Amino acid sequence: MGDFENIIFEKDGGIAYITLNRPKALNAVNTRMRDELYEVLPSIKDDPDVKVAIVKGAGDRAFSAGADISEFGTVPSMAIGREIRWERDLWGMFLSVQKPLIAAIGGFALGAGIEMAMCCDIRIASDDSQFGLPEANLGMVPTAGGSQTMPRFVLKGWVSEIVFTADRIDAQKALHIGLINQVVPRDQLLNKANETARRIMSNDANALECAKAAIVRGLDMPLSQGLEMEQRLAAALTSERKTS
Ligand code: COA
């Protein structure tokens with residue numbers, strides 16, 4: 001794996017940590033960070049030593065303030081921009097990780113920042129966090145999946161309000177609408193994420209993988225198909241256990 005400039009990748013006792021590491025730019029997601037995330041995620045998927053991953057931001061101000069606005073307009077053409085996104089579908093890559101992903105959000109989680117966190121399974125935030133999708137204010141729409149991922153766990157009315165107004169909401173409101181799972185004091189954020197990761201890791205890794213598949217894939221299916229898939233996954237897990 002290459003040397004990373006804009007992320008830090010660490011492993012400790014079954015937990016992989018990805019730290020978005022541009023604190024001076026509030027961990028804004030630039031092309032380099034995208035590329036590095038794209039490179040690191042397969043190693044989480046494929047490394048049997050990694051059971052759970054935690055994504056967090058460097059510094060004390062932000063998880064991530066979204067796409068790097070200083071790069072806006074620097075792609076040679078919209079077609080090339082689309083091609084790059086298609087070839088390196090970072091958000092699809094996030095969503096394809098079969099292992100539990102936890103976002104530990106301290107501070108701003110805006111645009112691609114909250115969208116990245118929404119590609120994780122569990123979001124734990126510090127009490128001073130702020131969330132938003134400011135794209136409409138910039139004449140854009142969310143393009144890191146936010147318009148699709150957010151309505152999968154936040155009621156549509158709240159999503160519309162967040163997207164249409166481009167206003168930021170605080171951690172208590174984010175908790176109230178189901179955007180995040182837990183709010184903790186800032187100094188307990190990483191401890192809480194670690195504690196949650198360890199609690200998850202105490203369960204069977206294959207069962208977790210099947211459970212994640214059932215939850216994530218099932219959301220895109222009618223209930224009847226989802227129930228069939230659940231049965232198939234349960235049967236596969238049982239037969240795997242018998243043969244191992
Ligand atoms: N892209 C690139 N740089 C960013 C950034 C982004 N999305 N968000 C913040 N930064 C940089 C600022 O340019 C500033 O850099 P500088 O110190 O070299 O001037 C630094 O991070 C600190 O940000 P600053 O705006 O000074 O902090 P603040 O506390 O006054 O405001 C925010 C914080 C998050 C409200 C504000 O930075 C902001 O609105 N950022 C843009 C958010 C956004 O629109 N993201 C989505 C794009 S689709």
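Using helices alone, what [θ] at 222 nm do you get for the chain, with -39,500 (n - 2.57) per DSSP H run of 4 or more residues, divided over all residues and rounded to the nearest 500?
-13500 deg cm²/dmol
Local charge sum around residue 51 (other residues, Cβ-Cβ under 15 Å, Lys/Arg +1, Asp/Glu -1)?
-3
Compute the angle between helix 189-201 and the longest alpha-carbon principal axis of the chain, please, reported from 0 to 90 degrees and rounded to the nearest 10.
20
Could you sort the peptides 138-147, 30-39 by per-residue average Cβ neighbour count (10 Å cutoff), highest mean leading?
30-39, 138-147
Give the separation of the Cα centroids, segment 105-121 to segment 130-181, in Å.
Centre-to-centre distance over Cα atoms comes out at 10 Å.
Apply 1/(1 + (r/R0)^6) to the Cβ-Cβ distance of residue 31 and residue 164, taking R0 = 25 Å, and write down the FRET efficiency to the nearest 0.05.
Efficiency computed from Cβ-Cβ geometry: 0.30.
Modelled label-to-label distance, residue 95 and residue 49, 7 Å Cα→beta-carbon offset: nm?
3.1
Treating cross-link reach as a plain straight distance, find the aspartates and glutamates whose alpha-carbon is under 17 Å from the alpha-carbon of residue 51, omitting any fewer than eight places away in the same chain.
Reachable aspartates and glutamates: 10, 12, 121, 195, 204, 209.
Once fully extended, how much extra length lies between residue 143 and residue 217, figured as 0.36 nm per residue of separation less the alpha-carbon to alpha-carbon distance?
24.6 nm
Relative contact order for the chain: what percent, with Cα pairs under 8 Å and sequence separation of 6 or more?
16
Enumerate by residue number the chymotrypsin sites (Phe, Trp or Tyr not before Pro) in segment 140-218 meeting two conditions: DSSP loop (anything except H, G, I, E, B), and at most 15 other Cβ atoms within 10 Å of the site's Cβ.
Here the chymotrypsin sites (Phe, Trp or Tyr not before Pro) that fit, given the DSSP loop and packing criteria, are 153.
Given a Förster distance of 41 angstrom, what is the FRET efficiency for residue 188 paired with residue 69, based on the Cβ-Cβ distance and rounded to 0.05?
With R0 = 41 Å, the Cβ-Cβ based efficiency is 0.85.
Each label point is 7 Å from the Cα along the Cα-to-Cβ direction; what then is the distance between the points at residue 204 and residue 172, in nm?
Each label point lies 7 Å from its Cα, and together they span 4.3 nm.
Measure up 56/242; 45/156; 56/212; 173/212; 99/242 against 29 Å on the Cα-Cα distance and list the ones that go over.
56/242; 45/156
Bear in mind these aren't lab numbers, they're just calculated from the coordinates by the rules spelled out. All of these numbers come straight from a predicted model, not from anything done at the bench. FYI the Cβ positions are ideal-geometry reconstructions off the backbone, even for glycines, and counts take in every protein chain you see.
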